[in-house]
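Can you read through this structure? Questions will come right after.
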Amino acid sequence: MHRAKIALPTLEGYLFRPVAAILYLKAEGNYTMIRFGDGTQELICKTLSHVQGMLAQYPQFVRVHRSFVVNIECMDRYVRGKGGYVVMECGKEISVSNSRKAHLSTAVEQYFGAHL
């Protein structure tokens, strides 16, 4: 069973937020900045790889760059090019590294049935 919320360790304790509210994750050294759909963000006391592992049961979270994991449900568009980039619903442009382009394409195809 997938939980609707996730417990995120912060500097002060734990933050309980709906998984669907997460737009993207950004590496900040040994911490992870999480951006939410309501415009707020929170610094989590875990590495990006660790937080990505916490979200492993949710196929909509895809690593697109060494420093970013995106919620593909919250992508507004994908712009082709060398690697290309995704534009999130909040307007944030996130580069897709060449080495992760095929992974993103596969994830989008499996999740939405669309080809990039």
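Values in this text are rule-based calculations from the coordinates and carry no lab data. On a predicted model such as this, the values are computed, not experimentally measured, just so you know. Every residue, glycine as well, gets a Cβ built from its backbone with ideal geometry; the counts of neighbours run over all protein chains shown.
Does anyone have the angle between helix 98-112 and the longest principal axis of the chain? Alpha-carbon axes, 0 to 90°, nearest 10?
Roughly 80 degrees, rounded to the nearest 10.
With each label point set 7 Å from Cα along the Cα-Cβ vector, what nm distance links Ser49 and Asn30?
Simple spin-label model gives 1.4 nm for this pair.
Hey, fewest Cβ within 10 Å first, where do Met88, Met33 land in order?
Going from least to most buried by this count: Met33, Met88.
Using amide H atoms built in the peptide plane, which far-off residues or other-chain residues are under 5 Å from Ile6 H to H?
Arg17, Val19
Continuing with the same structure: So which aspartates and glutamates pass the test for Lys46, namely a Cα distance under 15 Å, with those fewer than 8 places away in the same chain ruled out?
Within the straight-line cut-off, Lys46 pairs with Glu12, Glu28.
Compute, for the chain, the length of the dipole vector about the Cα centre, with Cβ point charges of +1 (Lys, Arg) and -1 (Asp, Glu) only. Units Debye, rounded to 20.
340 debye
Please enumerate, by chain and number, the aspartates and glutamates with C-alpha under 19 Å from the C-alpha of Lys26, excluding those fewer than 8 residues away in the same chain.
Hits, sequence-local ones excluded: Asp38, Glu42, Glu73, Asp76, Glu89, Glu93.
Still on this structure, I have one more. Go through region 1-100 and name the GluC sites (Glu not before Pro) that are in a DSSP coil and have 15 or fewer other Cβ atoms within 10 Å of their Cβ.
Within region 1-100, the qualifying GluC sites (Glu not before Pro) (loop, at most 15 other Cβ atoms within 10 Å) are Glu12, Glu89.
Let me ask something else about it. So which residue, out of Tyr78, Tyr58, Tyr14, gets the largest mean-square fluctuation from a GNM of the chain using Cα contacts under 10 Å as springs?
The residue with the greatest mean-square fluctuation here is Tyr14.
To continue, here is another question. Have a look at Ile22, Ser99, Gln52 and report the one farthest towards the positive end of the charge dipole of the chain, computed about the Cα centre with Cβ charges (Lys/Arg +1, Asp/Glu -1).
Farthest along the dipole direction, towards plus: Ser99.
In a GNM of the chain with a 10 Å cut-off on Cα contacts, which of Ser97, Ser49, Ser105 has the highest mean-square fluctuation?
Of Ser97, Ser49, Ser105, the Gaussian network model singles out Ser105 as fluctuating most.
Right, another one. Find which of Leu11, Gly83, Thr40 sits farthest along the positive direction of the dipole of the chain, computed with +1 on the beta-carbon of Lys and Arg, -1 on that of Asp and Glu, about the Cα centre.
Looking along the dipole axis, the top candidate is Gly83.
With each pseudo-label sitting 7 Å past Cα toward Cβ, what's the Gln110-Ser97 distance in nm, one decimal?
So the two model labels end up 1.9 nm from each other.
Looking at region 32-116, which trypsin sites (Lys or Arg not before Pro) are DSSP coil and have at most 12 other C-beta atoms within 10 Å of their C-beta?
Arg66, Arg80, Lys82
At 222 nm, what value in deg cm²/dmol follows for the chain if DSSP H runs of at least 4 each add -39500 (n - 2.57) and the sum is divided by all its residues, to the nearest 500?
Result for the chain: -5500 deg cm²/dmol, rounded to the nearest 500.
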